[in-house]
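See below for the structure under consideration.
The values are calculated or read from the model by the stated rules, or taken from the named source; none is laboratory data. Note that this is a predicted model, so its numbers are computed, not measured. Backbone-built Cβ (ideal geometry, glycine too); neighbour counts: all protein chains shown.
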Amino acid sequence: MSAMIDIAGLSKWYGATQVLKDCSAAIATAEVVVVCGPSGSGKSTLLKCVNGLEPFQQGRISVDGVSVGDPKTNLPRLRARIGMVFQHFELFPHLSVRRNLTLPQIKVLRRSADEANAKALRLLERVGLSAYADKFPGELSGGQQQRVAIARSLAMDPIAMLFDEPTSALDPEMIQEVLDVMVGLARDGMTMIVVTHEMGFARKVAHRVVFMDKGEIVENAPTADFFENPGSERARLFLSKILQH
Amino acid sequence: MNYHWNWSIFWELSPDGTHTYFATLMLGTAWTLITSACAFTIALVFGSIVGVLRTTPYSWAMRLGSLYVDVFRNVPLLVQMFLWYFVLPELLPQALGDWLKQLSDASFYTAVVALGLYMSARIAEQIRAGILSLPRGQRLASLALGMTLPQAYAYVLLPMTYRILLPPLTSELLNTIKNSAVALTIGLMELTARARAMQEFSFQVFEAFTAATIIYIVINMLVTFAMRMVERRLTIPGYLGFKAPAVGH
Ligand SMILES: Nc1ncnc2c1ncn2[C@@H]1O[C@H](COP(=O)(O)OP(=O)(O)OP(=O)(O)O)[C@@H](O)[C@H]1O
Ligand SMILES: [Mg+2]
């Protein structure tokens, strides 16, 4: 079976500095992969290459068989099928929660207003925020905003979801509510790449853990192996630091 | 100083034989307002386009945008008025140039274009700064949802930018109104021109310019008030500005 997301020999430079070095990984349909590693190791950059938000110079990435780097690829159409959740939520502050969910459906997927609205309400229900449809993002807590952001991505019926440190800007008491939504998604069979340092989440739902350092994928192992017997010294060091907290 | 004050001069007939001086000042006010409104519309449209160009990922667009701003911002408004009014018709093919020169209200059209483009360069700078002040993630999130770059600008970046920029745009509108007085040099009979005409014929210089000053102040206050109302209408519930972006991303 071919992978949902296939990254092969990916290298990327910002000017003269190389930030991704020959990265390869394959993520199968319904697989959940957690990506971790020290700050500046290239995790965010890797995610942004997957949906073509950042160009790359070498290697290839394909998502559901579509080549991301191919100049002939319709990137907006591909991105519409890949959900992305950001550290700072990035809800559109001038739009109500409902409009945040319906606008992309209407403008990008050309759904009717009624259809988009019905979908929005279903997803708000799923993340437990039906009562907030007509609030504005600024009136919500961080955890609620992030759940809305996840619902906004889900409204596009994505074939895969990318999360870039979705809980690291949240107050501790709000982390769990967001993780719960993500666990639900994983259990429902969503294909997910999650950059996070929430190792509890990784243990619970990740099929594999990818460890990055200095632009390289140092480790790509089944979750249990990664935690019990990390193959590299760098991963061991990172784990001992992060698990102390 | 033995100046002969005469406040009733406003109700005397002006040399045109039909209007009182007061009526001529009102006509001038109307020209000032219509010229400013048209010029500001042009300034907003062109300023937005150029401001957006300067924030796109395309280097040709950025260069084109900054060339535009440099040209229209750095040449004095008066010179630009003269160029559009006196020089442009000579550079065009004869027939077109003649048609331009004979256009009735040519000074009005010229003033609108010259003032509009001059102000558009200033507004382009505001728009550019406004867009760049938004968190980078807003653009990324729009694109990640599958929006094209024009859609991201139209539905996400510009609506926020205009809200943030309402106060500075208000002062650019006030500047446009003040700068419209320069159009008297190409013969537009706007408010300042009417005050000067009144002063020339009646010799009541203080009355004429006191009246003009008061009218400008009233316009200024009305515009400021109206923009406050707009600002209030566009207030976003719960919005306190964007959080400072975290380091390292
Ligand atoms: N737009 C950019 N221009 C130049 N260099 C960049 C840019 N974005 C990221 N970098 C550099 O690329 C490297 C990888 O950055 P990236 O954001 O992918 O790291 P990260 O693993 O996500 O880190 P963090 O845990 O802090 O989020 C860093 O050294 C960073 O300084
Ligand atoms: Mg990052």
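Tell me which residues, restricted to the stretch B:181-226, are at positive phi and in contact with a helix residue (DSSP H, G or I) (Cβ under 8 Å, 6 or more places away or on another chain).
Looking only at the stretch B:181-226, we keep the residues that are at positive phi, and these are B:187, B:203.
If the condition is that a residue be at positive phi and in contact with a helix residue (DSSP H, G or I) (Cβ under 8 Å, 6 or more places away or on another chain), then B:187 is the only one that fits.
Take the residues in the stretch A:159-176 that are more than 16 Å from ligand 2 (Cβ to nearest atom) and free of Cβ contacts under 8 Å to residues at least 40 places away in the same chain, then tell me which one is farthest from the other protein chains (Cβ to nearest Cβ).
For the stretch A:159-176, the residue satisfying everything is A:176.
Return the only residue of B:138, B:204 being surrounded by 19 or more Cβ atoms within 10 Å (Cβ to Cβ), farther than 24 Å from residue B:81 by Cα and at pLDDT 95 or above.
Values: B:204 fails: at pLDDT 95 or above.
The match here is B:138.
State yes or no: is residue A:11 within 13 Å of chain B (Cβ to nearest Cβ), small (Gly, Ala, Ser), under 22 Å from residue A:213 (Cα atoms) and within 15 Å of ligand 1 (Cβ to nearest atom)?
No; evaluated as a whole, the condition is false for this residue.
If you scan the stretch A:100-115, which residues turn out to be buried (at least 18 other Cβ atoms within 10 Å of the Cβ) and either away from chain B (no Cβ under 11 Å) or more than 19 Å from residue B:150 (Cβ to Cβ) (or both)?
A:100, A:101, A:102, A:111
Taking into account only those residues within the stretch B:95-118 that are in contact with a helix residue (DSSP H, G or I) (Cβ under 6 Å, 6 or more places away or on another chain) and of a type in the set (Gly, Ala, Ser), which is nearest to residue B:35 (Cα to Cα)?
Only one residue tops the list, namely B:111.
Take the residues of the stretch B:119-135 that are of a type outside the set (A, V, I, L, M, F, W, C) and more than 14 Å from chain A (Cβ to nearest Cβ): which is surrounded by the most Cβ atoms within 10 Å (Cβ to Cβ)? Lay out the reasoning, then the answer.
Of the residues in the stretch B:119-135, the ones of a type outside the set (A, V, I, L, M, F, W, C) are B:120, B:122, B:125-126, B:128, B:130, B:133, B:135.
Those left that are additionally more than 14 Å from chain A (Cβ to nearest Cβ): B:120, B:122, B:125-126, B:128.
Details: B:120: 28, B:122: 19, B:125: 20, B:126: 19, B:128: 22.
Ranking the candidates gives B:120 first.
Give the residue that is surrounded by the fewest Cβ atoms within 10 Å (Cβ to Cβ), with candidates limited to residues of the stretch A:48-73 that are within 10 Å of another protein chain (Cβ to nearest Cβ) and either without any contact (Cβ under 8 Å) to a residue 12 or more places away in the chain or within 16 Å of ligand 2 (Cβ to nearest atom) (or both).
A:54
Return the total of residues in the stretch B:52-105 being more than 18 Å from residue B:116 (Cα to Cα), surrounded by fewer than 13 Cβ atoms within 10 Å (Cβ to Cβ) and either of a type in the set (Ser, Thr, Tyr) or modelled with pLDDT of 95 or more (or both).
So the answer is 5.
If you check A:129, A:91, which single one turns out to be away from ligand 1 (no atom under 16 Å from the Cβ), touching a Lys or Arg at 6+ places or on another chain (Cβ under 9 Å) and away from every other protein chain (no Cβ under 11 Å)? Walk me through it before giving the result.
Numbers: A:91 fails: away from every other protein chain (no Cβ under 11 Å).
Step by step, each of A:129, A:91 is checked, and only A:129 is away from ligand 1 (no atom under 16 Å from the Cβ), touching a Lys or Arg at 6+ places or on another chain (Cβ under 9 Å) and away from every other protein chain (no Cβ under 11 Å).
How about the stretch A:1-45: which of its residues are assigned to a loop (DSSP other than H, G, I, E, B) and within 16 Å of ligand 2 (Cβ to nearest atom)?
Those that are assigned to a loop (DSSP other than H, G, I, E, B) and within 16 Å of ligand 2 (Cβ to nearest atom): A:37, A:38, A:39, A:40, A:41, A:42.
Of all residues in the stretch B:172-194, which are among the charged types (D, E, K, R) and either part of a helix (DSSP H, G or I) or within 14 Å of chain A (Cβ to nearest Cβ) (or both)?
Across the stretch B:172-194, the qualifying residues are B:172, B:178, B:194.
Just one of (1) crowded, with 20+ Cβ neighbours inside 10 Å; (2) over 30 Å from residue A:108 (Cβ atoms); (3) small (Gly, Ala, Ser) trips up residue A:160, so point out which.
With (1) crowded, with 20+ Cβ neighbours inside 10 Å; (2) over 30 Å from residue A:108 (Cβ atoms); (3) small (Gly, Ala, Ser) applied to residue A:160, the lone miss is (2).
Report, by residue number, each residue of the stretch A:36-61 that is away from ligand 1 (no atom under 11 Å from the Cβ) and charged (D, E, K, R).
Within the stretch A:36-61, just A:60 meets the criteria.
Among the candidates A:202, A:155, which residue alone is touching a residue at least 40 places away in the same chain (Cβ under 8 Å) and within 16 Å of ligand 1 (Cβ to nearest atom)?
A:202
For the stretch A:175-211, how many residues are of a type in the set (Val, Ile, Thr), part of a loop (DSSP other than H, G, I, E, B) and surrounded by fewer than 18 Cβ atoms within 10 Å (Cβ to Cβ)? Step through it out loud before you land on a result.
Going through the stretch A:175-211, the residues of a type in the set (Val, Ile, Thr) turn out to be A:175, A:178, A:181, A:183, A:191, A:193-196, A:205, A:209-210.
From the residues that got through so far, the ones that are part of a loop (DSSP other than H, G, I, E, B) too are A:191, A:196.
Filter again for surrounded by fewer than 18 Cβ atoms within 10 Å (Cβ to Cβ), leaving none.
Selection size over the stretch A:175-211: 0.
Report, by residue number, each residue of the stretch A:47-91 that is among the small types (Gly, Ala, Ser) and out of contact with any Gly (no Cβ under 6 Å at 6 or more places or on another chain).
Passing the criteria: A:52, A:62, A:65, A:67, A:69, A:83.
Of the residues B:169, B:157, B:143, only one is under 19 Å from residue B:239 (Cβ atoms), in a helix (DSSP H, G or I) and within 14 Å of chain A (Cβ to nearest Cβ); which?
B:157
Mind checking which pairs have a first residue in the stretch A:26-39 that is within 14 Å of chain B (Cβ to nearest Cβ) and a second that is within 16 Å of ligand 1 (Cβ to nearest atom), Cβ under 6 Å, 6 or more apart or different chains?
Correct list of pairs: A:37/A:43; A:37/A:211; A:37/A:212; A:37/A:213; A:39/B:248.
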